Amino acid sequence: MPQLDYVASVSHDLKSPLNGMLGFLELIKLELQNHPVPAQVMQDLQIVEDIGAEMLGLINNMLTAARIEAGREPMVPCYISRETLINRISALERTFSCEAKSRNIDFKVTVSSLPRFVYWDILKIRYFAVNNMVSNALKFVGNGGKVRVVISCSDPEQVEILVSDNGPGIPADERKSVFDKFSQASNNPRGASGSGFGLFNAAHVINSHHGSIGVAAGLDGKGVTFSMKIPAVPFRIDDPEIRQIIDSLPSTTLATGDNETLRYPQLQYSEKGAGLA
């Protein structure tokens, strides 16, 4: 695989100094916490760190796309309990809340119901699918915008994840090709264009889970909504220990108002299911 080998080599050469830079930035920020430093200095350091993290994300997306094309990006599913899934959703909310707050973006995560468990490659679902969608929404919506993540399970065998915003959206005649590699919407705000790998990688991960991914209109009559529908168990489970755990689980999905949800008050729970409030 000459192309993959080349991309992997270049990615490694770029990632090593970037990781080193980000590590030293974190050490500098920790050290400066013990000294009187102008707020502007800390803000500038944060900007540098954010740019470095974005560059690292672009490199990872490029490498993942190369692996996908070479057929060397297999899914590695594992058993994820409902409680663990709630923890992952809570982590998702915390991950993006700071960025949203700093740009005055109205960001909310809403959960209406969840299955008893899922059997997913949870790392790829989170980082290459959901995180890509949320990151794009925050990037393109602009300061003062609105972003909603809605997670529901109207069918106990399927999870639906909606990521919506009220940004510039995607022209209707470009929506069919938005998941193609290198695809870019023609109305992207200046300075907010991406690599063209993120949505390609997201579609591959969802399709590999025998799910579906689509795009429609967004919030407030504008913007865009990305819809991901993923079977709770898209892969065969042969492990007898996992089968035993599954057989011992209660048969109901998690409904709004269950006591289990109260341990995660930072999440916004819909009273009427998956609404885009």
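The values are calculated or read from the model by the stated rules, or taken from the named source; none is laboratory data. Not measured: the values here are computed from a predicted model. Cβ sites come from the backbone with ideal geometry, for glycine too, and all protein chains shown count toward neighbours.
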- Note on the structure: The one condition Ser102 fails out of (1) at pLDDT 85 or above; (2) under 27 Å from Gly142 (Cβ atoms); (3) more than 17 Å from the chain's Cα centre (by Cα) is (1)
- Given the residues Ile105, Ile122, Ile170, Ile89, which is the only one that is crowded, with 23+ Cβ neighbours inside 10 Å and of a type in the set (A, V, I, L, M, F, W, C)? Ile170
- Note on the structure: Within the stretch 202-243, restricting to residues that are of a type outside the set (Gly, Ala, Ser), touching a helix residue (DSSP H, G or I) at 6+ places or on another chain (Cβ under 7 Å) and part of a helix (DSSP H, G or I), the one that is surrounded by the fewest Cβ atoms within 10 Å (Cβ to Cβ) is His204
- Query: With respect to Ile59, is the statement that it is part of a helix (DSSP H, G or I), crowded, with 18+ Cβ neighbours inside 10 Å and at pLDDT 80 or above true?
  - Reply: no
- Message: Condition first: modelled with pLDDT under 80 and within 17 Å of Ile47 (Cα to Cα). Now tell me which residues in the stretch 11-23 satisfy that.
- Response: Leu18, Asn19, Gly20, Met21, Leu22
- Query: What pairs come up if the first residue lies in the stretch 44-57 and is of a type outside the set (A, V, I, L, M, F, W, C), the second is part of a helix (DSSP H, G or I), and their beta carbons are under 6 Å apart, counting only those six or more places apart or on different chains?
  - Reply: Glu49/Leu25; Gly52/Leu18; Gly52/Met21; Gly52/Leu22
- Does Ser135 satisfy the condition of being in a helix (DSSP H, G or I), surrounded by fewer than 21 Cβ atoms within 10 Å (Cβ to Cβ), touching a residue at least 24 places away in the same chain (Cβ under 8 Å) and under 10 Å from the mean Cα position of the chain (by Cα)? yes
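Conditions tested, residue by residue: (1) in contact with a Phe, Trp or Tyr (Cβ under 7 Å, 6 or more places away or on another chain); (2) free of Cβ contacts under 8 Å to residues at least 60 places away in the same chain; (3) part of a strand (DSSP E or B); (4) not polar (S, T, N, Q).
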residue: Leu123; (1), (2), (3), (4): no, yes, no, yes
residue: Arg126; (1), (2), (3), (4): no, yes, no, yes
residue: Val147; (1), (2), (3), (4): yes, yes, yes, yes
residue: Ser154; (1), (2), (3), (4): no, no, yes, no
residue: Glu160; (1), (2), (3), (4): no, no, yes, yes
residue: Ile170; (1), (2), (3), (4): no, yes, no, yes
residue: Asp180; (1), (2), (3), (4): yes, yes, no, yes
- Message: So for the stretch 75-85 (the condition being within 16 Å of the chain's Cα centre (by Cα) and more than 21 Å from Ala203 (Cβ to Cβ)), does at least one residue qualify?
- Response: yes
